[in-house]
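The values are calculated or read from the model by the stated rules, or taken from the named source; none is laboratory data. On a predicted model such as this, the values are computed, not experimentally measured, just so you know. Every residue, glycine as well, gets a Cβ built from its backbone with ideal geometry; the counts of neighbours run over all protein chains shown.
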Amino acid sequence: MSRITRAPVQDGDTVTAANLNNRFGDYSQAGALNAFNTRDAAIDLPHFTPARFMAPEMATGTIGRPDFKHTAFNSDTAVAGAQPPFLVRDAAGVATPLALGTGWTLDADSLLRVYWDLSVRPVYTGARPWQGTISDWDIGAGAVVNVATNVTCWAFWLQWDVTSVALANFVNVPGQGDFNSADPSATKLGNPLSTCGATTSVAAFNETASQPDNGDMPGRLEVKVGWQGISGDWHRQGSPVASVVVYGLRVVFTGMLHSWNDANQDWLVRDDVLNAKGACSLDHNAGGLNAMLMRVK
Amino acid sequence: MAFVAPNVFVANTTLTSAALEGNFEALRVYLHDGVVAGDLEASKWIQTRHLQPPELLPYQGVQHGLSGYQGGQSAGGMDIRLCFATKFLTGQGRTQANTFVALPNAAFQLDVRRAAKFLFHYWWEWEAGPDVSTAGYQVAEAERLVWLAPWIGALPTAFTGYRDRAQETRNGDFGLGGGYPIGADDTFTQNGGYDAKQGCLMHETTAGVVTFGLATHSQVDRVGVVNWGVAVEGFYL
């Protein structure tokens, strides 16, 4: 529809049927109301029907074992070797995924946004069980103590079920591994940085050098990490090739891990020297898992 | 859909005001009856300039437009809106105490015009303790925590609805220096009492006034919230 430029009625004009019809016909051409003849700022909230198209789906839920004072909690102990991830569970030991009803279609026009948080407490038994593992380092010539680098951690990540509403087929989300891949030297198991896309880590212990004295740090502080809240978020735009239906999400974790560089690749690998001691556990309570599907174009 | 005039005029017939007004009325309806959603989604011809610009609400720190709300508030820097949490307002560290109190300044009210989906983002960094007090009814020193929980609608929901979504930090360890200058023996990053956290809550609401805020429950005597922020994304559509 072109811009309406018909001259206005003037005094002395003859009223004709054709003139009148043409004036109404100006609004009847193909194209109807369009970008060209809709005035600036013409569209406001009342013009839109209640149907949702920007944020059509949202889901939120509590995960884990609710008890914010931590009088009761779940606990898992790190073990050596390739392992399936530990699940965030309720008081009965049942996993607590976020179910997305009959499924959300994630296509090229949509974006999945996920936010989660969880209350955790890394614990260990014995005196500095990490001694002798890769996480120790020497603080310099003349120093008499070793201080851990604190890169030893627990890792959390997201899994989704894109198979069915039964939620029986959770797999790692794209860009995320399960820390069971062999490093280039085939000496350790873990993830290269490229498959840590949905990873959140929490330090397993807190140890620092202390008592600075004229350039020397002869002391060492060891602090248990204690209960703390951790969180993560993950965003995924749908594939332009094939859409996927997402039925559920859940948070899983594993440990203990430490950083590692092999063949010029950065990795997060299992600290199996430490894991074999069975001395490190993760206590966990509750948190939230939230998801929203948004239309992006 | 294109406009169709209900009356067509024929030469040499009587022109009636009813026919003329009938066409005007049909045109008014066409121009003012709202844009059909199907037209928007099918042709996607709406440009930014066609939309009613959002309105900035400086007190709440948000903007409100036809798609919803966006924005929030923050501490504004280290020394502008620094605030505190303390066990002296929430049960003195008693294990059975469940009181949550508002985190000062960290709440705002929005007038939601129709049913909407909200994301409530919150984050903060704080330094807790060290609390080395010895009153016997308290949680053990190494297990003392301070929580920060979101609340929506009314402050009591921080406990009744969202306490399991709270995020916490532990009491700093290693005690206090006894001589001048008195303070923590070690930095908070060393003693475990420092943390920076973030959380997100999703909330669906109907039209009406809705308040979003933060509340704390502390088992630690003094906790400095050195930075914080609260923000919402609200979607009508």
Response to the item:
Pairs returned, first residue in region A:272-297 that is closer than 20 Å to A:Leu257 by Cβ, second residue that is part of a helix (DSSP H, G or I), beta-carbon separation under 8 angstrom, 6 or more apart or interchain, are A:Cys280/A:Leu274
Practice prompt. Scan region A:196-211 residue by residue and report those that are of a type outside the set (Phe, Trp, Tyr) and closer than 18 Å to B:Thr169 by Cβ.
Written response: A:Thr200, A:Ser201, A:Val202, A:Ala203, A:Ala204, A:Asn206, A:Thr208
Worksheet entry | Scope region B:112-147; condition surrounded by 18 or more Cβ atoms within 10 Å (Cβ to Cβ) and closer than 23 Å to B:Val209 by Cα; matching residues | B:Val112, B:Ala116, B:Lys117, B:Phe118, B:Leu119, B:Phe120, B:His121, B:Tyr122
Worksheet item: Which members of region B:194-222 meet the condition of being touching an Asp or Glu at 6+ places or on another chain (Cβ under 7 Å) and more than 9 Å from chain A (Cβ to nearest Cβ)?
Response: B:Tyr194, B:Ala196, B:Val209, B:Val220, B:Asp221
Worksheet item: Taking B:Leu103, is it in contact (Cβ under 8 Å) with a residue 60 or more places away in the chain and not in a loop (DSSP other than H, G, I, E, B)?
Response: yes
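Among the listed residues A:Ser210, A:Ser201, A:Ser164, A:Ser243, identify the single one that is more than 29 Å from A:Ala99 (Cα to Cα) and of a type in the set (Ser, Thr, Tyr). Before the answer, list the steps.
Values: A:Ser201 fails: more than 29 Å from A:Ala99 (Cα to Cα); A:Ser164 fails: more than 29 Å from A:Ala99 (Cα to Cα); A:Ser243 fails: more than 29 Å from A:Ala99 (Cα to Cα).
From the options A:Ser210, A:Ser201, A:Ser164, A:Ser243, the qualifying one is A:Ser210.
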Worksheet entry | Those residues of region B:140-168 which are within 13 Å of chain A (Cβ to nearest Cβ), of a type in the set (Gly, Ala, Ser) and either assigned to a loop (DSSP other than H, G, I, E, B) or more than 28 Å from A:Tyr115 (Cβ to Cβ) (or both), in sequence order | B:Ala140, B:Ala142, B:Gly161, B:Ala166
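Any idea which residue in region A:16-30 is farthest from the other protein chains (Cβ to nearest Cβ), counting only those that are part of a loop (DSSP other than H, G, I, E, B) and surrounded by 10 or more Cβ atoms within 10 Å (Cβ to Cβ)? Full working, then the answer.
Initial filter on region A:16-30 (part of a loop (DSSP other than H, G, I, E, B)): A:16, A:26-30.
Keeping just the survivors that are surrounded by 10 or more Cβ atoms within 10 Å (Cβ to Cβ) gives A:16, A:26-29.
Values: A:Thr16: 7, A:Asp26: 9, A:Tyr27: 4, A:Ser28: 5, A:Gln29: 7 Å.
That would be A:Asp26.
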Worksheet item: Looking at region B:189-237, which of its residues are of a type in the set (Phe, Trp, Tyr) and either surrounded by 20 or more Cβ atoms within 10 Å (Cβ to Cβ) or without any contact (Cβ under 8 Å) to a residue 40 or more places away in the chain (or both)?
Response: B:Phe212, B:Trp228, B:Phe235, B:Tyr236
Response to the item:
Among (1) of a type outside the set (A, V, I, L, M, F, W, C); (2) at pLDDT 85 or above; (3) over 30 Å from B:Phe100 (Cα atoms), B:Gly34 falls short only on (2)
Practice prompt. Give me a count of the residues in region B:169-201 that are assigned to a helix (DSSP H, G or I) and at pLDDT below 85.
Written response: 3
Discussion item. Are there strands (runs of 3 or more DSSP E) fully within region A:200-297 with at least 2 residues that are on the phi < 0 side of the Ramachandran plot, surrounded by fewer than 15 Cβ atoms within 10 Å (Cβ to Cβ) and more than 14 Å from chain B (Cβ to nearest Cβ)? List them.
Written reply: A:265-270
Worksheet, complete the sentence: Out of (1) at the interface with chain B (Cβ under 7 Å from one of its Cβ atoms); (2) more than 24 Å from B:Ala19 (Cα to Cα); (3) modelled with pLDDT of 80 or more, the one A:Gly64 does not meet is (1)
Discussion item. Looking only at residues that are polar (S, T, N, Q) and buried (at least 24 other Cβ atoms within 10 Å of the Cβ) in region B:148-172, which one is farthest from B:Gly208 (Cα to Cα)?
Written reply: B:Asn171
Worksheet item: How many residues does region A:93-115 hold that are β-branched (Val, Ile, Thr) and closer than 15 Å to A:Val165 by Cα?
Response: 3
Worksheet item: Would region A:54-64 turn up any residue that is over 22 Å from the mean Cα position of the chain (by Cα) and surrounded by 16 or more Cβ atoms within 10 Å (Cβ to Cβ)?
Response: no
Discussion item. I'm trying to understand the selection: among the residues of region A:111-130, which are within 13 Å of chain B (Cβ to nearest Cβ) and aromatic (Phe, Trp, Tyr)?
Written reply: A:Tyr115, A:Trp116
Worksheet item: Checking B:Ser133 against (1) at the interface with another protein chain (Cβ under 8 Å from one of its Cβ atoms); (2) polar (S, T, N, Q); (3) under 13 Å from B:Val220 (Cα atoms), which single condition isn't satisfied?
Response: (1)
Worksheet entry | region B:106-139: number of residues that are assigned to a strand (DSSP E or B) and within 16 Å of B:Val225 (Cα to Cα) | 9
